[in-house]
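Have a look at the structure below, then the notes.
The values are calculated or read from the model by the stated rules, or taken from the named source; none is laboratory data. In this text, all values refer to a predicted model and were calculated from it rather than measured experimentally. Backbone-built Cβ (ideal geometry, glycine too); neighbour counts: all protein chains shown. With ligands, DNA and RNA removed, areas are computed over all heavy atoms of the protein, side chains included. Shrake-Rupley method; radii C 1.70, N 1.55, O 1.52, S 1.80 Å.
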Amino acid sequence: MIFREIRNEKSIYRNELNGLRAFAILAVIINHFNKEILPGGYLGVDIFFVISGYVITSSLSKKNIDNFWAFIYVFFKNRIKRLLPALITFIFIITFLFSFFSPEDSISLKTAFTSLFGFSNLYLFKISTDYFASSTELNPFTHTWSLGVEEQFYILFPLIIFLTGFRNGTRNGSKNFVLTLLLLGSASLISFLIFYENNASAVYFLMPFRFWEIASGCLLFTFIQRGSNIRYELSMISPTWVLILIILLMNLPQQFVVIEILFTVILTLILISCLRKGTFIYKIFTNQKIVYIGLISYSLYLWHWGILSISRLTIGIHWWSIPFQIGLIFYAAKFSYKFIENPLRKNNWSNTKWESLLKFIISLLIPLLTLIGLEGPFRNKLYLGSKINYGNPLWSNEIMSASERINGRKCHMNSNFTQKELKYLIDDCRIINPKNSTGKTVAFIGDSHTLALMEAQKKIFNAGYNLLHYSYGGCPFPYPLFGIKRKIASKSKLCNQILKNTNETIFRELKKDDIVIISNYHLSYLGDHSLRETRHFFYDENGYIPTNGDEKIDIYTNSLKEFSKKAQQKGIKIILIGAGTRNFYYKITSAEWFRPFPPNYIFDEERLHARELNEKLKNKLKDLKNFIFFDTLEEIPCCKNHTEYMLLYRDTNHLSKFGANFLIDKLIQKL
């Protein structure tokens with residue numbers, strides 16, 4: 001009886017898949033409301049990938065079109081009608097709303113722009129976005145990365161369908177199709193497993209690493225069509241237990257993301273195979289209301305993230321606001337499905353191809369021109385809040401130490417420096433104190449966080465020390481054991497050269513009892529890929545660029561130990577300034593008329609990240625001699641609110657003049 005039921009399923013529309021879609025989208029929405037409730041709810045996207053592969057293969061298996069170009073035309077026409085109208089409407093409306101409440105966010109607007117062409121995932125990868133970082137919550141278009149993955153898959157998939165002969169329904173065509181997908185899917189899966197640890201952003205956002213998930217759904221359809229014995233065996237499994245296992249996976253912590261994705265895909269394949277009439281889960285998934293949620297799942301996916309992003313920019317997300325936000329998400333999706341997505345997908349747009357193409361181009365131009373305008377002449381013109389003070393953008397050029405001899409324009413290096421300028425930098429960026437009876441020198445070395453201390457160096461000078469200063473933005477000191485890789489090759493070369501030169505200069509110029517003060521943007525260089533604005537610059541011994549925080553900390557602390565050993569031989573003391581707090585949420589930590597409850601928990605989050613990193617650094621470096629770890633968090637308690645933060649910091653992460661002086665006052669006590 002079960003086997004006959006399975007055979008009959010080949011020719012019917014599987015309504016229960018809409019129930020599975022409903023489960024997937026609800027998991028995603030719950031996770032995006034509050035990650036603590038369902039940590040792995042994002043796995044709903046992986047379930048969607050599997051369903052997409054299954055459904056698209058089912059759809060194309062019915063089309064027996066011999067002409068290649070006719071086949072391609074029909075395929076892409078249907079994809080455009082299915083995806084673009086709802087996406088265009090969403091982007092147009094949310095872009096305007098976003099511009100009312102968020103000033104100067106070029107990344108969000110560029111994400112929207114690229115999503116219209118199906119490559120927002122490539123853009124987000126290019127700017128080193130971490131999907132799990134909290135900063136993505138303020139970009140209302142981050143979630144379009146998954147559409148980019150699917151759309152890029154759709155570029156390749158019809159070629160596979162046509163060239164393998166699968167569309168003809170022949171045995172050889174089906175065999176070629178399966179072998180091709182198995183080969184490409186296996187390569188994709190192996191790449192996914194190998195590269196995730198070293199390049200999580202690429203693995204998460206790029207289609208080649210996600211190909212296997214969609215391909216698995218395609219393969220499942222072909223096995224079902226064949227009446228495979230595997231399907232018969234799988235049908236004996238209880239779908240209830242399979243669904244319970246998926247939910248348990250969704251409750252695992254984020255560090256098991258690779259295992260979660262792999263087994264979610266496997267369990268989704270099993271669940272699709274064993275869903276049959278008469279089972280409890282089948283009854284739930286074919287319930288009329290559940291099916292409807294599945295039918296509007298695409299619109300729900302689009303609108304839920306945009307509405308949550310706008311909410312975070314305005315009233316926030318609270319227990320009392322959640323019912324209103326859920327209602328708004330549901331009715332926006334319902335409207336989108338009823339009046340845009342469904343009618344434009346099912347109906348012809350015009351009587352001729354050219355008329356349809358013209359209407360499509362015009363509809364696409366509307367959001368494109370809107371985005372270009374808001375990024376250009378109307379930039380920040382629609383913002384309804386008070387002007388946000390980002391500090392003086394020219395501070396790095398105008399800042400000065402105890403005299404003009406050390407200033408930001410000359411002594412803070414950048415990629416425009418000539419070899420001649422670098423050569424004379426050593427002599428130029430030092431100040432000899434005439435009142436220095438001991439001859440001791442304090443050298444400030446690091447990136448732009450060292451530059452932020454430049455003006456406060458006057459206090460060190462007044463205490464009777466000579467001064468030395470070398471800094472280069474985005475170039476952490478000391479030189480890592482295996483080198484640094486920046487995105488631009490010329491910057492990588494210059495950064496490596498400067499770090500090596502600085503190392504040599506320190507040991508050539510400094511002597512016993514001199515002091516080296518190192519200040520870097522530790523949270524960025526050493527932070528795990530789950531944190532916001534992390535940079536992955538360090539090579540490991542195998543030539544890879546790790547994104548795992550602990551691996552990066554090991555590389556950096558081992559490099560610092562090597563530097564410290566050489567310094568100890570000369571009697572040079574090292575002071576490492578630990579991670580301080582930061583605030584990338586200027587947009588929502590200041591009170592506005594539309595934001596009466598600024599979320600001060602953001603400061604708690606950043607303090608926690610900095611504290612965890614500092615503890616790891618202390619533990620790794622505790623045995624070093626002639627070494628002091630200056631814990632910024634303990635010495636500069638910050639911050640309870642936006643006002644307090646702006647007193648101590650000049651921007652998202654650099655200390656202000658007041659903050660730098662405060663830090664140096666504490667630091668002098670340790671010299």
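Side notes on the structure shown:
- Cysteines (scope the chain) whose Cβ has no counterpart Cys Cβ under 4.7 Å: Cys218, Cys274
- For Phe444, residues with placed amide H under 5 Å, excluding near neighbours: Leu468, His469, Tyr470, Ile517
- Normalised per residue, the accessible area of the chain is 44 Å², obtained with a 1.4 Å probe and no contribution from ligands, DNA or RNA.
- Degrees separating the helix 297-313 axis from the principal Cα axis of the chain, which is the longest one: 30
- Neighbour-limited loop hits for chymotrypsin sites (Phe, Trp or Tyr not before Pro), region 288-363 (at most 15 other Cβ within 10 Å; DSSP other than H, G, I, E, B): Trp319, Trp320
- Summing charges over all other residues whose Cβ lies under 9 Å from the Cβ of Ile406, with Lys and Arg as +1 and Asp and Glu as -1, gives +1.
- Segment Lys566-Asp428, length gained on full extension (0.36 nm per residue, minus Cα span): 47.2 nm
- Against the main long axis of the alpha-carbon atoms of the chain, helix 145-164 sits at an angle near 50°.
- Modelled FRET efficiency - R0 45 Å, Asp540 with Val55, Cβ distances, 0.05 increments: 0.60
- As a calculated quantity, the FRET efficiency between Leu608 and Tyr232 at R0 = 60 Å, using C-beta atoms, amounts to about 0.70.
- The figure for Val258 is an accessible area of roughly 40 square angstrom, using a 1.4 Å probe on the protein chains alone.
- With R₀ fixed at 41 Å, the C-beta to C-beta distance from Leu182 to Ile322 puts the FRET efficiency at about 0.40.
- Take the Cα of Leu193, step 7 Å toward its Cβ, do the same at Lys622, and the gap between the two points is 3.8 nm.
- For region 133-198, averaging the sequence separation of C-alpha pairs within contact (under 8 Å, six or more residues apart) and dividing by the residue count gives a relative contact order of 16 percent.
- Computed from phi, the 3J(HN,Hα) profile of region 20-37 under the Karplus parametrisation 6.51, -1.76, 1.60 (θ = phi - 60°) reads 5, 4, 4, 4, 5, 5, 5, 4, 4, 5, 4, 4, 6, 6, 7, 5, 6, 6 Hz, with x in place of Gly and Pro.
- Share of carbon and sulfur in the accessible area of region 477-594 stands at 49%, probe radius 1.4 Å.
- Take the Cα of Gln497, step 7 Å toward its Cβ, do the same at Gln254, and the gap between the two points is 3.8 nm.
- Across region 433-448, computed HN-Hα scalar couplings (Karplus, 6.51 cos²θ - 1.76 cosθ + 1.60, θ = phi - 60°) run 8, x, 8, 7, 7, 9, x, 6, 10, 10, 9, 9, 10, x, 9, 5 Hz from first to last residue, x flagging Gly and Pro.
- Magnitude of the charge dipole for the chain, about its Cα centre and with charges confined to Cβ atoms of Lys, Arg (+1) and Asp, Glu (-1), is about 1120 debye.
- Cα→Cβ-extended label distance, 7 Å offset, between Ser356 and Thr438, nm: 8.2
- Listed residues Ile517, Ala610, Leu249: farthest to the positive end of the dipole of the chain (Cβ charges): Leu249
- Label-zone membership for region 326-356, site Ala70, 7 angstrom Cα→C-beta point, backbone N under 16 Å: 353
- Across region 23-92, Cα pairs under 8 Å and at least six residues apart give a relative contact order of 20 percent.
- Residues with amide H under 5 Å from that of Tyr649, placed H, sequence gap 5 or more: Ser656
- Using θ = phi - 60° and Karplus 6.51 cos²θ - 1.76 cosθ + 1.60, couplings along region 463-475 (whole Hz; Gly, Pro as x): 7, x, 10, 6, 10, 9, 9, 9, 8, 8, x, x, 9
- The lysines within cross-link reach of Lys381, meaning a Cα-to-Cα straight distance under 24 Å and a gap of 8 or more places when in the same chain, are Lys110, Lys587.
- Share, in percent, of DSSP beta bridges within the chain that are antiparallel, nearest 5: 20
- Relative contact order (%) - criterion: Cα under 8 Å, at least six apart; region: the chain: 15
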